[in-house]
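Working notes, beginning with the structure itself.
The values are calculated or read from the model by the stated rules, or taken from the named source; none is laboratory data. What you see is a predicted model, and the numbers here were worked out from it, not measured in a lab. Neighbour counts run over all protein chains shown; Cβ positions are idealised from the backbone, glycine included.
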Amino acid sequence: MHSGGPPPGSGSPSGSEPPGVDDGHARRRLERIRAGMAARAARAAARIRAMAQRIGRTPPPPGPFRPGFWRSPIRGPWLTSVFGLLLLVGIPVLFVTGMLSYAAYNPDLGPLNDQTPDKGLLGFYLFDWPTHPYWLYRLTQGVHVTLGVVLVPVLLAKLWSVIPKLFEWLPVRTVAHGLERLSLLMLVGGVIFEFVTGILNVQLYYVFPGSFYTLHFYGAWVFIAAFVVHVCLRLGRMTRALRSRSLATELRTDLAHTRPEPADPDGLVPIAPAPPTMTRRGAVGVVGAGSVLLLVVTAGQSIGGWLRSTALLAPHNRDPGSGPNGFQINKTAASVGVLPAHVGPNWRLEVHGNGPTLVLTREQLLAMRQHAAVLPIACVEGWSTPDQHWSGLRLADLGAMAGLPDAGSVLVESVQPPGPYSSVVLRGNQIHDPRSLLALRVNGADLSLDHGYPARIIVPANPGVNNTKWVHRLTFRT
Amino acid sequence: MARFVRWYGSGPLHLLVLICSFALTGYALVRLFALRPLDVAIWFVGAAILHDLILLPLYSLADLSAHAVLRHRATRVPQPPWINYLRVPTFLSGVLLLVWFPLIFDLSVPYPGAARLPEGVYLGRWLVITGVLFGISALALALKMRRVRRAARADEERPARGRDASP
């Protein structure tokens, strides 16, 4: 309970002494004042304590604040902890793969790559994104998006299982309790915010207030700060609750033998339970079935092949065409304002570096030594294509032609009108990987307009949107 | 120490961990709110409110209503507990809708142009999946009811024969 009031003996202007009296007299008066103030402070503290007690005894308002309101007989620490444990495994995977995706964009290469230039310390961990293994981004981002979707039923179940805590009475009992509840607002607001922005973004439903990258990245940090606290404060309770009942026994318990858990200090277990209509086994099972169903209708878009068609509700579950260029498209030429006129016979590739600018036609590029690479396209939205057979010029060779065989970075610019990712910077390790190409052809045919004709970048393990299409200028830098 | 615990309501470690967390929260929130702070705040807090005070009460109420409306139908034959045969397909179909509703309802304007894929397929697919889920559930309930009724008939007949046999 609160105890407060001014500390005894603290100065107050009401008892100030007129100047010019002798020392002993002054000391006695000072002591009297001090004693008086201490008594007053004690009285104030007692009054506050009494008031706090009165507030503490305030009966809860009717409805969800009353302890008898929540009646599900299976709600309790054990069930909450089962869902909590699943999230405790899943959410760190989501966070790590998400932070890896942020690093994969190489935001420290400058504003073109960086949607969050004010990240400050939150970019502390950034590192040179590797090109090995070539399927790295396909894996990490496929896991990030698919796992996020699959965890939705678990998250809903976890939030359902703790809903009585939202209406606990009193709403704030102590300072600690109040701070913890503020942190819980960040936790619940944060987790739903992250899931909602992510799930809407992969469906290109851009209704959230601002750039997805900014919202999802900073939102993730707000959420994870609260998540870590929540884990710190609840881990012990979770392990105790999980040990309190045997999973094997729960999985064998039928409806007739389903009983509420013993009363818990958190008030999750109802004091007036309704007769059970579902076993704990059933509740965990139906949540698991929801996750499996979401996995089935989603994962195929990240695996490809015949499994793509099993992703019944995922955005990239069909091929947009057939033939060599019939694989998934991120943004069509028309959707970003690239017209056939931009890439007609007048198209030239400019290569800048250390020396005179090279200006090359597509025929000249095709006449040079061509190299092949077998690489997928993997999008931040989680979908990806299986490996495609690209051919074109090595970025390393182009850098050498420009007089910079040891180029540290290259600025890639598209004919695409200025907008997000119409140009991008690639790092030295990406330039010097022999599989990094300025591709002219794919699967034995010329690139289609939607796949970046006349020339596009393809770099192993690079996020799809950084594999710039319709390239017209490369500027190599030391 | 005891005074601190009485005043604060928990140990000092609790306070330190929370201050640490709030410092990081603040650092990230300043950046999250850099542009359109009001809209972002509405989304952030609204997310929690939308779930806790709208979605959860609505589905709880739907569950209770289904229970209340159908519970009191008097039947002469014994009924297995049927509510879960309604709950499970509703839940499964519901989470699919909750996750994929922008595609299902063709709300995503840039999608067809960006991916060169027609959007119109999703509503039909979701309805078919929903139909299959409820169909399976209905079949399972029918089988269950047959079993329960057979068992009940067998129970009725057995004691009856027992009485006949007694002198």
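Looking only at the stretch A:28-53, which residues are charged (D, E, K, R) and modelled with pLDDT of 85 or more? Show your work before the answer.
Step one: list which residues in the stretch A:28-53 are charged (D, E, K, R), which gives A:28-29, A:31-32, A:34, A:40, A:43, A:47, A:49.
Result: A:Arg28, A:Arg29, A:Glu31, A:Arg32, A:Arg34, A:Arg40, A:Arg43, A:Arg47.
Among the candidates B:Leu117, B:Leu139, single out the residue that is among the aliphatic types (A, V, I, L, M), at pLDDT 90 or above, more than 18 Å from the chain's Cα centre (by Cα) and not in a helix (DSSP H, G or I). Give the steps one after another, and end with the answer.
Working: B:Leu139 fails: not in a helix (DSSP H, G or I).
Being among the aliphatic types (A, V, I, L, M), at pLDDT 90 or above, more than 18 Å from the chain's Cα centre (by Cα) and not in a helix (DSSP H, G or I) holds for just one of B:Leu117, B:Leu139, which is B:Leu117.
Which of the numbered conditions does A:Leu170 fail, given that it passes all the others? Conditions: (1) touching a residue at least 24 places away in the same chain (Cβ under 8 Å); (2) assigned to a helix (DSSP H, G or I); (3) more than 9 Å from chain B (Cβ to nearest Cβ).
With respect to (1) touching a residue at least 24 places away in the same chain (Cβ under 8 Å); (2) assigned to a helix (DSSP H, G or I); (3) more than 9 Å from chain B (Cβ to nearest Cβ), A:Leu170 is out only on (2).
So for the stretch B:4-13 (the condition being within 8 Å of chain A (Cβ to nearest Cβ), part of a helix (DSSP H, G or I) and exposed (fewer than 14 other Cβ atoms within 10 Å of the Cβ)), does at least one residue qualify?
First, the residues of the stretch B:4-13 that are within 8 Å of chain A (Cβ to nearest Cβ): B:6-10.
Okay, now just the ones that are also part of a helix (DSSP H, G or I), so B:6-8.
Next, from what is left, pick out any that are exposed (fewer than 14 other Cβ atoms within 10 Å of the Cβ): B:6.
Yes.
Anything in the stretch A:145-157 that is more than 10 Å from chain B (Cβ to nearest Cβ) and buried (at least 21 other Cβ atoms within 10 Å of the Cβ)? List them, or say none. First the steps, then the outcome.
Here is the first cut: in the stretch A:145-157, the residues more than 10 Å from chain B (Cβ to nearest Cβ) are A:145-147, A:151, A:154.
A:Val145, A:Thr146, A:Leu151, A:Val154 - these are the residues of the stretch A:145-157 that are more than 10 Å from chain B (Cβ to nearest Cβ) and buried (at least 21 other Cβ atoms within 10 Å of the Cβ).
What number of residues within the stretch B:28-41 are under 16 Å from A:Leu182 (Cα atoms) and either among the charged types (D, E, K, R) or more than 7 Å from every other protein chain (Cβ to nearest Cβ) (or both)?
Residues that pass the stated criteria total 1.
List the residue pairs whose Cβ atoms are under 9 Å apart, where the first residue sits in the stretch A:399-412 and is part of a loop (DSSP other than H, G, I, E, B), the second is among the aromatic types (Phe, Trp, Tyr), and the two are 6 or more positions apart or on different chains.
Between residues of the stretch A:399-412 that are part of a loop (DSSP other than H, G, I, E, B) and residues that are among the aromatic types (Phe, Trp, Tyr), the close pairs are A:Ala402/A:Phe476; A:Gly403/A:Phe476; A:Leu404/A:Phe476; A:Ala407/A:Phe476; A:Gly408/A:Phe476.
Which residues, counting only those in the stretch A:174-195, are more than 7 Å from chain B (Cβ to nearest Cβ) and under 23 Å from A:Tyr105 (Cα atoms)?
Those that are more than 7 Å from chain B (Cβ to nearest Cβ) and under 23 Å from A:Tyr105 (Cα atoms): A:Glu194, A:Phe195.
Looking only at the stretch A:196-226, count how many residues are aromatic (Phe, Trp, Tyr), surrounded by fewer than 23 Cβ atoms within 10 Å (Cβ to Cβ) and facing another protein chain (nearest Cβ under 9 Å).
In the first step, residues of the stretch A:196-226 are kept if they are aromatic (Phe, Trp, Tyr); the result is A:205-206, A:208, A:212-213, A:217-218, A:221, A:223.
Add one more test, that the residue is surrounded by fewer than 23 Cβ atoms within 10 Å (Cβ to Cβ), and what stays is A:205-206, A:208, A:212-213, A:221.
Cutting the leftovers down to facing another protein chain (nearest Cβ under 9 Å) gives us A:205-206, A:208, A:221.
Selection size over the stretch A:196-226: 4.
Regarding A:Gly300, is this residue under 30 Å from the mean Cα position of the chain (by Cα) and surrounded by fewer than 18 Cβ atoms within 10 Å (Cβ to Cβ)?
Numbers: under 30 Å from the mean Cα position of the chain (by Cα): yes; surrounded by fewer than 18 Cβ atoms within 10 Å (Cβ to Cβ): no.
No; evaluated as a whole, the condition is false for this residue.
Every residue in the stretch A:86-111 that is in contact (Cβ under 8 Å) with a residue 60 or more places away in the chain and surrounded by fewer than 16 Cβ atoms within 10 Å (Cβ to Cβ), please.
The one that is in contact (Cβ under 8 Å) with a residue 60 or more places away in the chain and surrounded by fewer than 16 Cβ atoms within 10 Å (Cβ to Cβ): A:Gly110.
Considering only residues that are surrounded by fewer than 21 Cβ atoms within 10 Å (Cβ to Cβ) and more than 10 Å from chain B (Cβ to nearest Cβ), which ones fall in the stretch A:307-324? Talk me through it step by step, then tell me what you get.
Going through the stretch A:307-324, the residues surrounded by fewer than 21 Cβ atoms within 10 Å (Cβ to Cβ) turn out to be A:307, A:309-310, A:312, A:318-324.
Result: A:Leu307, A:Ser309, A:Thr310, A:Ser322, A:Gly323, A:Pro324.
Every residue, every condition in (1) within 18 Å of the chain's Cα centre (by Cα); (2) of a type outside the set (A, V, I, L, M); (3) at pLDDT below 95; (4) buried (at least 19 other Cβ atoms within 10 Å of the Cβ), yes or no:
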position: B:Gly94; (1), (2), (3), (4): yes, yes, no, no
position: B:Pro102; (1), (2), (3), (4): no, yes, no, yes
position: B:Gly113; (1), (2), (3), (4): no, yes, yes, no
position: B:Tyr122; (1), (2), (3), (4): no, yes, no, yes
position: B:Trp126; (1), (2), (3), (4): yes, yes, no, yes
position: B:Val132; (1), (2), (3), (4): no, no, no, no
position: B:Ala152; (1), (2), (3), (4): no, no, yes, no
position: B:Asp155; (1), (2), (3), (4): no, yes, yes, no
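Looking for whichever is outside the structural domain of A:Ala103 (by TED's automatic domain parsing), under 28 Å from B:Ala115 (Cβ atoms), in contact with a helix residue (DSSP H, G or I) (Cβ under 7 Å, 6 or more places away or on another chain) and crowded, with 19+ Cβ neighbours inside 10 Å here; the options are A:Val412, A:Val424, A:Val471. Which one fits? I'd like the intermediate steps shown before the answer.
Values: A:Val412 fails: in contact with a helix residue (DSSP H, G or I) (Cβ under 7 Å, 6 or more places away or on another chain); A:Val471 fails: in contact with a helix residue (DSSP H, G or I) (Cβ under 7 Å, 6 or more places away or on another chain).
Sole residue among the options that is outside the structural domain of A:Ala103 (by TED's automatic domain parsing), under 28 Å from B:Ala115 (Cβ atoms), in contact with a helix residue (DSSP H, G or I) (Cβ under 7 Å, 6 or more places away or on another chain) and crowded, with 19+ Cβ neighbours inside 10 Å: A:Val424.
Looking at B:Val99, is it facing chain A (nearest Cβ under 10 Å), closer than 23 Å to A:Tyr206 by Cβ, outside any helix (DSSP H, G or I) and among the β-branched types (Val, Ile, Thr)? Steps first, please.
Values: facing chain A (nearest Cβ under 10 Å): yes; closer than 23 Å to A:Tyr206 by Cβ: yes; outside any helix (DSSP H, G or I): no; among the β-branched types (Val, Ile, Thr): yes.
It is false that B:Val99 is facing chain A (nearest Cβ under 10 Å), closer than 23 Å to A:Tyr206 by Cβ, outside any helix (DSSP H, G or I) and among the β-branched types (Val, Ile, Thr).
Quick one: would you say A:Ser161 is among the small types (Gly, Ala, Ser) and more than 14 Å from chain B (Cβ to nearest Cβ)? Full working, then the answer.
On the way: among the small types (Gly, Ala, Ser): yes; more than 14 Å from chain B (Cβ to nearest Cβ): no.
In short, no.
When you go through A:Glu250, A:Glu261 one by one, which is the residue that is more than 31 Å from the chain's Cα centre (by Cα) and outside any helix (DSSP H, G or I)? Break it down into steps so the answer makes sense when it comes.
On the way: A:Glu250 fails: outside any helix (DSSP H, G or I).
Every option except A:Glu261 fails the conditions.
Return the pairs, sorted by first residue and then second, in which the second residue is of a type in the set (Lys, Arg) and not in a strand (DSSP E or B), the first residue lies in the stretch A:378-393 and is closer than 16 Å to A:Lys469 by Cβ and in contact (Cβ under 8 Å) with a residue 12 or more places away in the chain, the beta carbons are less than 8 Å apart, and the residues are 6+ apart or on different chains.
So the pair list comes out as A:Ala378/A:Arg138; A:Leu393/A:Arg369.
Return the total of residues in the stretch A:438-470 being over 31 Å from the mean Cα position of the chain (by Cα) and on the phi < 0 side of the Ramachandran plot. Please lay out each step first, then the result.
Applying the first criterion (over 31 Å from the mean Cα position of the chain (by Cα)) to the stretch A:438-470 yields A:438-449, A:453-455.
Subset that is on the phi < 0 side of the Ramachandran plot: A:438-442, A:445-449, A:453-455.
Qualifying residue count, the stretch A:438-470: 13.
Given the conditions (1) crowded, with 22+ Cβ neighbours inside 10 Å; (2) within 24 Å of A:Thr116 (Cα to Cα); (3) not hydrophobic (A, V, I, L, M, F, W, C), which single one is not true for A:His451?
Unmet condition: (2).
Exactly one condition in (1) at negative phi; (2) crowded, with 19+ Cβ neighbours inside 10 Å is not met by A:Arg240; state its number.
(2)
Take B:Leu70 and decide whether it is at pLDDT 95 or above, closer than 30 Å to B:Ala142 by Cα, surrounded by fewer than 18 Cβ atoms within 10 Å (Cβ to Cβ) and within 29 Å of the chain's Cα centre (by Cα). Before you say what the answer is, go through the steps one by one.
On the way: at pLDDT 95 or above: no; closer than 30 Å to B:Ala142 by Cα: yes; surrounded by fewer than 18 Cβ atoms within 10 Å (Cβ to Cβ): yes; within 29 Å of the chain's Cα centre (by Cα): yes.
Considered against the rule, which asks whether it is at pLDDT 95 or above, closer than 30 Å to B:Ala142 by Cα, surrounded by fewer than 18 Cβ atoms within 10 Å (Cβ to Cβ) and within 29 Å of the chain's Cα centre (by Cα), B:Leu70 comes out as no.
For the structure I just gave you, tell me whether A:Pro345 is farther than 20 Å from A:Leu440 by Cβ and surrounded by fewer than 17 Cβ atoms within 10 Å (Cβ to Cβ). So that I can check it myself, show each step before the final result.
On the way: farther than 20 Å from A:Leu440 by Cβ: no; surrounded by fewer than 17 Cβ atoms within 10 Å (Cβ to Cβ): yes.
No, not satisfied.
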